[in-house]
Amino acid sequence: MSELPPMLCQHTLDRLSGKGVAVLAYPRQGVVPGVVHLGLGAFNRAHQGLVFDTLLAGGDLRWGVLGVATRSWTLADALAAQDGLYAVKLANAAGSSWRVSGSMLQTCAATREPERVHAAIASPATRWVTLTVTEKGYDASLASLLVEGLRQRAAAGRGGLTIASCDNLSHNGDKLKALCLEHCADAALSAWIMRECRFPNSMVDRIVPAATAACAQEAAAALGVHDAAALVTEAYWQWVIEDSFVDADDARVLSAAGVTVVADVSPYEDAKLRMLNGSHSALACLGALMGLKTVFDCVSVKPLRQFIHQLMSLEVMPHVVLPDLPAYRDALIERFANPQLRHAVHQIATDSSKKIGPRWVPSILAQLHSGGQVHHHAFAAAAWMRFCLGEDDQGGLYVINDPQTPLLTQIAQSQCHNAQACVDAFFNVQSIWGDELCRFSAFSNETARWLRDILAVGTAQALAGFLQVHHGE
Ligand code: CS2
């Protein structure tokens, strides 16, 4: 039996020397826990975790992190056993490299040790709170956790915090601030939060597939140590944050680490959510129906690649305002085609009922209001509705992982003999589509047309038919 490699931790770090791994080049004893991060998911570890690691490596020791798990504590404990260290493989077509991050100093679990989180938020060393909790929106338990920490901080007479949501939501900082204030029963504390704290909006971007056993195996082979939290991600990353910090100098500090600090993040948010995430959700539904496993598999199929190219060019780009959108679009498609990322279509299709509203609806409405075409979004919407049957074109069954699964499967299954009725029932779910879209019968008629085709001839053939009619490149 082959022996398991030793675990990645402070004592085994020196085993990595000579292996071409970028290992933290700073003594961790000196690092100050200046950040409380809520949400220990893969995205945070591969994104903000590495930015803080870069800041630490530059000699600014204020960016050590207490990582707080907000749901299960398995990962918090696994990371604690590794002294907070984890390895990230940065990979694209040109090659790859490994990096070990040292920014996570300690971890804990909010549901098991809430007092520890409150105390950390109130601690004099803490300057920032960051969050990657959910794309589904924030809940009351999160608000109570934060507000109680802030209450203790204010009571101790300490200064306010920069509280940065890094969730993939538009106006994420504004939403978080509104939630905290809504859950704060004490008027004096509300006034303190408004006066002393800042909630910058931000746009975060890096494609980070969920960690799998294969990541840990790759890490073991490359590094010679076992890392239960290892990840594979792309080399690209972007963090655009609103210039609204308790310590104004943080704008300079973050910019030097590669973060983009701007007065208004909305153009970046709109472009990213509607182009990257909008295409992702479309590919995820179409690809899952076609039996494809990953985004890479999807964009290797020419009609799918053409479909998202047209979707972005014709229906999204007219309403977003970043400079050089064609280059942004082409770079996105290149990122999707990263052969080293195994980004599962079913991971992206997870929680679609929460995602397609912000990703598709603004483009659809903007097109409808300006008399533009919405064919591609109608086709994507039809594919999602067909996806809700829980069975791909080859008869393969899958689980629909979504907070609204019972409703979605009920609509899909009870109405699939009548595409128009099915589409109308779906568009009536206002928690997904809002209350405006169902008034545009042309959009629902077109969606029904494509749903009928997908049900009759399968996704690949329906898509081929679609592209014969609509080839707008
Ligand atoms: C993806 C995103 O899972 C999903 O829904 O669309 O996680 C995407 O990879 C990131 O937003 C990229 O920054």
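Please find, within segment 258-277, the residue that is nearest to the ligand (Cβ to nearest atom) out of those that are surrounded by fewer than 18 Cβ atoms within 10 Å (Cβ to Cβ) and assigned to a loop (DSSP other than H, G, I, E, B).
The selected residue is G258.
For segment 352-409, which positions are polar (S, T, N, Q), under 21 Å from G458 (Cα atoms) and in a loop (DSSP other than H, G, I, E, B)?
Q394, the sole residue that qualifies.
For the subset of segment 424-446 comprising residues that are in contact (Cβ under 8 Å) with a residue 40 or more places away in the chain and closer than 20 Å to Q404 by Cα, which member is surrounded by the most Cβ atoms within 10 Å (Cβ to Cβ)?
Only one residue fits best here, namely F426.
Kindly provide the set of residues from segment 171-187 that are within 30 Å of S101 (Cα to Cα) and either surrounded by 20 or more Cβ atoms within 10 Å (Cβ to Cβ) or free of Cβ contacts under 8 Å to residues at least 12 places away in the same chain (or both), ordered by number.
Matches in segment 171-187: N172, G173, L176, K177.
For L292, state whether it is modelled with pLDDT of 95 or more, open to solvent by 20 Å² or more (accessible area, probe 1.4 Å) and outside any helix (DSSP H, G or I).
Yes; evaluated as a whole, the condition is true for this residue.
Return the pairs, sorted by first residue and then second, in which the second residue is within 11 Å of the ligand (Cβ to nearest atom) and of a type in the set (S, T, N, Q), the first residue lies in segment 321-345 and is in the same structural domain as V299 (by TED's automatic domain parsing), the beta carbons are less than 7 Å apart, and the residues are 6+ apart or on different chains.
If the second residue must be within 11 Å of the ligand (Cβ to nearest atom) and of a type in the set (S, T, N, Q), the pairs left are L332/S279.
Away from the ligand (no atom under 16 Å from the Cβ) and open to solvent by 10 Å² or more (accessible area, probe 1.4 Å), is that true of A155?
Here the answer is yes, as A155 does meet what is asked.
Only one of D453, D393, D424 is among the charged types (D, E, K, R) and either farther than 20 Å from A284 by Cα or touching a Lys or Arg at 6+ places or on another chain (Cβ under 7 Å) (or both); which?
Result of the check over D453, D393, D424: D424.
Taking the conditions exactly as written (closer than 21 Å to D297 by Cα, touching a residue at least 60 places away in the same chain (Cβ under 8 Å) and among the hydrophobic types (A, V, I, L, M, F, W, C)), does A383 satisfy them or not?
Yes, satisfied.
What about G59, is it farther than 20 Å from V232 by Cα and more than 23 Å from the chain's Cα centre (by Cα)?
In short, yes.
The values are calculated or read from the model by the stated rules, or taken from the named source; none is laboratory data. Predicted, not measured: the structure shown is a model, and the values here were computed from it. A quick note on method: Cβ atoms are made from the backbone with ideal geometry, for glycine too, and the neighbour counts reach across all protein chains shown. Ligands, DNA and RNA are excluded from the accessible area calculation, which covers all protein heavy atoms including side chains. Shrake-Rupley method; radii C 1.70, N 1.55, O 1.52, S 1.80 Å.
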